[in-house]
Amino acid sequence: MPIDATRPYDPDNIFARILRGEIACDRVYEDDHALAFRDIAPQAPQHILVIPKGAFVSWDDFSARASEAEIAGFVRAVGTVARAAGLVAPGYRLLANVGPQAGQEVPHLHVHLFGGKPLGPMLASR
């Protein structure tokens, strides 16, 4: 169920629990600012989630409250993960859902990296 990105951070969300080591993940990258792991229900041959280690609900929350080091570290981590996964040359998609109309399901900022096949149009035309 989509969440409201303006609500307070829930320290018991699944990504917070992954960060605390309470739930296992298929980790592909970790540094001081970010953790990246494979999605458990991949939507493409390569589907990796990158999350900041700080308690941020959404991209909006992160851009307003994160330190310069957290922002730089997270953005660099996304690029590092894409390069390490071999996604840059063939191309990939970044997706960050913010709020209920966008379908955000976990109240912790996360970026999806999709690749490994042609992905088609970003949104279905209506």
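Taken together, the values in this text are just the output of simple stated rules run on the coordinates, not laboratory data. These figures come from a predicted structure and were not determined experimentally. Please note: Cβ atoms are built from the backbone with ideal geometry, for glycine as well, and neighbour counts cover all protein chains shown.
Looking only at residues of region 96-114 that are of a type in the set (A, V, I, L, M) and farther than 21 Å from Pro11 by Cβ, we find that the one that is farthest from the chain's Cα centre (by Cα) is Ala102. You will find that of Asp60, Asp32, the residue that is acidic (Asp, Glu), more than 21 Å from Leu119 (Cβ to Cβ) and not in a loop (DSSP other than H, G, I, E, B) is Asp60 and no other. Taken as a whole, the structure leaves Ala66 outside the set of residues that are touching a residue at least 24 places away in the same chain (Cβ under 8 Å) and either within 24 Å of Arg7 (Cα to Cα) or aliphatic (A, V, I, L, M) (or both). Against the conditions (1) surrounded by 15 or more Cβ atoms within 10 Å (Cβ to Cβ); (2) out of contact with any Asp or Glu (no Cβ under 6 Å at 6 or more places or on another chain); (3) in contact (Cβ under 8 Å) with a residue 24 or more places away in the chain, His47 satisfies every one except (2).
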